[in-house]
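*Asks:* Below is a structure I'd like to ask you about.
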Amino acid sequence: MRTLIIDGKKYSDMLRAGAQNLNANRAVVNDLNVFPIPDGDTGDNMYMTISSGANKSGGSDLLGDVAAVSAREMLLGARGNSGVILSRIFSGIAKGLSGVKEADTRVFSKALRSGVKEAYSAVSVPVEGTILTVYREAVESTSEHSVESFEEFFDSFIREARESLKRTPDLLDVLKEAGVVDSGGAGFIYIAEGMKAALSGIEFEDIHVSESGPRKPDLNAFTEDSVLEFGYCTEFLLRLQKSKTDIDNFDLDNFIKWLNSVGDSVVAFREGTIIKVHVHTKTPGNILNHCQLYGEFLTTKIENMTLQHNETHPKPAKEAAEKPEEFYVEKPKKDFGIVSVAAGEGIREIFSSLGCDVVVDGGQSMNPSAEDLLDAYEKANAHTVFVFPNNSNIVLTAMQAASLCEDTDVRIIKTKTIGEGYSAISMFDTTIGGADEIEANLNEIISDVVTGMVSRASRDTEYNGIEVRKDDYIGFVDDTIYIDEEERKEAVTGLCEKLNAGDFDIMLVLVGDSVSKEESESVYAKLKDAYKRTEVILLDGGQPVYDYIIILE
């Protein structure tokens, strides 16, 4: 059966199906986000936006009325940059369908062109290689072909949208560097595919599009020591007031120009007497105060962009099992990469925060294979990869894997302890020269590091004059045992004394997975009191085998 005409009811079904298909795939869209500090997740924001309109789109058979109601609800529910642009696309479509009872493909195509104009006008500095490009190119290509059925129309539209999406990394370097296509463009394709499916009556799971609940921020992502670097994502609806401004002569262009002078990522547009604004700024209060000169706020949202958000609203009805290969492109190789080996969630997180591209899970009693390391070298995606084994038993394996890596210059820095690896990676400096100079500098750094370990003895023995008793705690460096104690805390403090910890500037204490918080804090207090000249830093390493790792620099 071919669909030659759509009315309000059919358009409402299409919107709901488009929202549901995006909901089923929004995890995929979220994963395409290339920016380190997200302005909300793209898939979530687009879903919240279109679902706001889809939920209120029923109740009329008149196409123009349904389009107008749904577009207005999307205006109110729009979230994030991508959501605001999506709402403007559908607002333009609604304007193109104004007064229309039902439409054929010719009328609908004209309405889509109106969506292009509306979306571009809402963005103060339109960026190609985004959802704007994908939508525009799909509309332009489809408009060139005359087809009667909406099935054929959407086949053509989706085909060109996918081709346009593939080209987005060629238009935006940040996409190419991340190895992905534009997330907003991908999200719109899922919407279009859902709309097409509704033409043939395909029903999606849980066709009711539920309202989304509030997000719960991770407050630990911005502490009392943090520095505001990325600012605030600020969004609001402002109702112009006759008592404050001449509404008929309100200059939106000058208003947007002012927003660009105090912020960036500006998306702003007017709908009747309502101004919708999205802007990134470090001083949201200044913006709100200025805008209140013209009217009063209907809604406001201010989010610290450093915070990573966790959803409290229901998960997507159907998570995508696999990432679509066509959404990912080959990343260009960078000059230098870092691979390290570490055991313990805390230590792995520390190494990642220091700039490691790949942290291979491994260490004492759990050595990774050559294949594991070879895979890590390739994932680092660099012309030269510096590798930190951090265990004497892993050095040869790392070298073996390096010999199998044909297209990459792999440099093994023979770190035998976590302490050596930590110090070298924390002082990794690419400005001193090429790979040879960097390698020489790293080897010099590790020569000055002392790493002490505390672990439980597995048997009785006598080693280097130290009598070791099974289940006691021993403190050692490399193959030299310095101390044996029944109490773990005494082994830590005793080892530090033997190593003359007070002669060092920094003492990093990594706490193992078997140590309680109360004990580690007690040890930390003792060390701080004993070595007032030394900066003592306590970190949860979560490592197995070693109850404490002491790094002295």
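The values are calculated or read from the model by the stated rules, or taken from the named source; none is laboratory data. Treat the numbers as computed from the prediction; the structure is a model and nothing was measured. Note that each Cβ is placed from the backbone with ideal geometry, even for glycine, and that neighbours are counted across all protein chains shown. Side chains are part of the model used for accessible areas, which takes the heavy atoms of the whole protein and leaves out ligands, DNA and RNA. Shrake-Rupley method; radii C 1.70, N 1.55, O 1.52, S 1.80 Å.
*Asks:* Within the range 227-268, which residues are part of a strand (DSSP E or B) and more than 24 Å from SER91 (Cβ to Cβ)? Walk me through it before giving the result.
*Replies:* Taking the range 227-268 first, the residues part of a strand (DSSP E or B) are 232-240, 264-268.
Within the range 227-268, just TYR232 meets the criteria.
*Asks:* Taking the condition of being open to solvent by less than 20 Å² (accessible area, probe 1.4 Å), polar (S, T, N, Q) and under 23 Å from PRO332 (Cβ atoms), how many residues in the range 378-392 meet it? Full working, then the answer.
*Replies:* Applying the first criterion (open to solvent by less than 20 Å² (accessible area, probe 1.4 Å)) to the range 378-392 yields 380, 382, 384-391.
Next, only the ones that are polar (S, T, N, Q) stay: 384, 390-391.
If we keep only those that are under 23 Å from PRO332 (Cβ atoms) too, we end up with 384.
Going through the range 378-392 one residue at a time, the tally reaches 1.
*Asks:* Under 26 Å from ILE537 (Cα atoms) and open to solvent by 40 Å² or more (accessible area, probe 1.4 Å), is that true of MET427? Walk me through how you get there before you give the answer.
*Replies:* On the way: under 26 Å from ILE537 (Cα atoms): yes; open to solvent by 40 Å² or more (accessible area, probe 1.4 Å): yes.
Spelling it out, MET427 is indeed under 26 Å from ILE537 (Cα atoms) and open to solvent by 40 Å² or more (accessible area, probe 1.4 Å).
*Asks:* Can I ask one more? Can you tell me which residue is nearest to the chain's Cα centre (by Cα) among those in the range 222-274 that are open to solvent by 70 Å² or more (accessible area, probe 1.4 Å) and modelled with pLDDT under 85?
*Replies:* Only one residue fits best here, namely PHE230.
*Asks:* Next question, about the same structure. Scan TYR120, TYR135 and give me the residue that is more than 15 Å from GLU193 (Cα to Cα) and among the aromatic types (Phe, Trp, Tyr). First the steps, then the outcome.
*Replies:* On the way: TYR135 fails: more than 15 Å from GLU193 (Cα to Cα).
Just a single option satisfies the conditions, and that option is TYR120.
*Asks:* A further question follows. Given the condition open to solvent by less than 50 Å² (accessible area, probe 1.4 Å), modelled with pLDDT under 90 and not in a helix (DSSP H, G or I), answer yes or no: does some residue in the range 127-135 qualify? Walk me through it before giving the result.
*Replies:* Of all residues in the range 127-135, those open to solvent by less than 50 Å² (accessible area, probe 1.4 Å) come to 129-135.
Then keep just the ones that are modelled with pLDDT under 90; that gives none.
No: the range 127-135 contains no residue that is open to solvent by less than 50 Å² (accessible area, probe 1.4 Å), modelled with pLDDT under 90 and not in a helix (DSSP H, G or I).
*Asks:* Select from the range 423-442 the residues that are in contact (Cβ under 8 Å) with a residue 12 or more places away in the chain and of a type in the set (Ser, Thr, Tyr) and list them in ascending order. Steps first, answer last, please.
*Replies:* Of the range 423-442, the ones in contact (Cβ under 8 Å) with a residue 12 or more places away in the chain are 423-430, 435, 438-439, 441-442.
Within the range 423-442, SER423, SER426, THR430 meet the criteria.
*Asks:* Go through (1) under 32 Å from the mean Cα position of the chain (by Cα); (2) open to solvent by 60 Å² or more (accessible area, probe 1.4 Å); (3) of a type outside the set (S, T, N, Q) for VAL139 and report which single condition fails.
*Replies:* (2)
*Asks:* Considering (1) without any contact (Cβ under 8 Å) to a residue 12 or more places away in the chain; (2) part of a helix (DSSP H, G or I), say which one GLU224 fails and leave the rest.
*Replies:* (2)
*Asks:* Okay, next question. Identify the residue in the range 60-70 that is open to solvent by less than 10 Å² (accessible area, probe 1.4 Å) and either under 34 Å from the mean Cα position of the chain (by Cα) or not assigned by TED's automatic domain parsing to the domain that holds ALA103 (or both) and, among all such residues, is nearest to VAL267 (Cα to Cα). Working first, answer last.
*Replies:* Quick first cut of the range 60-70, residues open to solvent by less than 10 Å² (accessible area, probe 1.4 Å) only: 63-64, 66-67, 70.
Going one step further and asking which of them are either under 34 Å from the mean Cα position of the chain (by Cα) or not assigned by TED's automatic domain parsing to the domain that holds ALA103 (or both), we end up with 67, 70.
On the way: ALA67: 22, SER70: 20 Å.
Only one residue tops the list, namely SER70.
*Asks:* Another question, then. Criterion first (open to solvent by less than 70 Å² (accessible area, probe 1.4 Å) and either at pLDDT 90 or above or closer than 22 Å to SER426 by Cα (or both)) does VAL341 satisfy it? Please lay out each step first, then the result.
*Replies:* Details: open to solvent by less than 70 Å² (accessible area, probe 1.4 Å): yes; either at pLDDT 90 or above or closer than 22 Å to SER426 by Cα (or both): yes.
Yes: the conditions hold for VAL341.
*Asks:* Next question, about the same structure. List pairs: first in the range 495-524 and under 14 Å from MET453 (Cβ atoms) and open to solvent by 50 Å² or more (accessible area, probe 1.4 Å), second not in a helix (DSSP H, G or I) and not aliphatic (A, V, I, L, M), Cβ under 9 Å, 6+ apart or cross-chain?
*Replies:* LYS498/GLY452; LYS498/GLY475; LYS498/TYR482; SER514/ARG456; SER514/PRO544; SER514/ASP547
*Asks:* I'm trying to understand the selection: among the residues of the range 155-167, which are of a type outside the set (Gly, Ala, Ser) and either at positive phi or surrounded by 22 or more Cβ atoms within 10 Å (Cβ to Cβ) (or both)? Steps first, answer last, please.
*Replies:* Initially, the range 155-167 is screened for residues of a type outside the set (Gly, Ala, Ser), giving 155, 157-160, 162-163, 165-167.
Hits for the range 155-167 are PHE157, LEU165.
*Asks:* Which ones in the range 275-297 are crowded, with 17+ Cβ neighbours inside 10 Å and either in contact with a Gly (Cβ under 9 Å, 6 or more places away or on another chain) or part of a strand (DSSP E or B) (or both)?
*Replies:* Selection gives ILE275, LYS276, VAL277, HIS278, VAL279, HIS280, THR281, PRO284, ILE287, GLY295.
*Asks:* Scan the range 298-338 for residues that are in a loop (DSSP other than H, G, I, E, B) and at pLDDT below 50 and report the count. Let's see the steps before the verdict.
*Replies:* Applying the first criterion (in a loop (DSSP other than H, G, I, E, B)) to the range 298-338 yields 305-308, 312-324, 329-333.
Keeping just the survivors that are at pLDDT below 50 gives 308, 312-321.
Selection size over the range 298-338: 11.
*Asks:* Within the range 101-126, work out how many residues are open to solvent by 30 Å² or more (accessible area, probe 1.4 Å) and not in a helix (DSSP H, G or I).
*Replies:* In the first step, residues of the range 101-126 are kept if they are open to solvent by 30 Å² or more (accessible area, probe 1.4 Å); the result is 101-102, 104, 106-107, 110, 113-114, 117, 120-121, 124-126.
This time we only want the ones that are not in a helix (DSSP H, G or I), so: 101-102, 104, 124-126.
So the count comes out to 6.
To keep it simple, each residue is scored yes or no on (1) under 23 Å from LEU552 (Cβ atoms); (2) surrounded by fewer than 18 Cβ atoms within 10 Å (Cβ to Cβ); (3) in contact (Cβ under 8 Å) with a residue 60 or more places away in the chain.
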| position | (1), (2), (3) |
| --- | --- |
| ILE394 | yes, no, no |
| ILE412 | no, no, no |
| GLU444 | yes, yes, no |
| SER455 | yes, no, yes |
| TYR463 | yes, yes, no |
| ARG469 | no, yes, no |
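*Asks:* Would you check which residues across the range 168-192 are at pLDDT 95 or above and either under 17 Å from THR105 (Cβ atoms) or open to solvent by 30 Å² or more (accessible area, probe 1.4 Å) (or both) and list them?
*Replies:* ALA192 - this is the single residue of the range 168-192 that is at pLDDT 95 or above and either under 17 Å from THR105 (Cβ atoms) or open to solvent by 30 Å² or more (accessible area, probe 1.4 Å) (or both).
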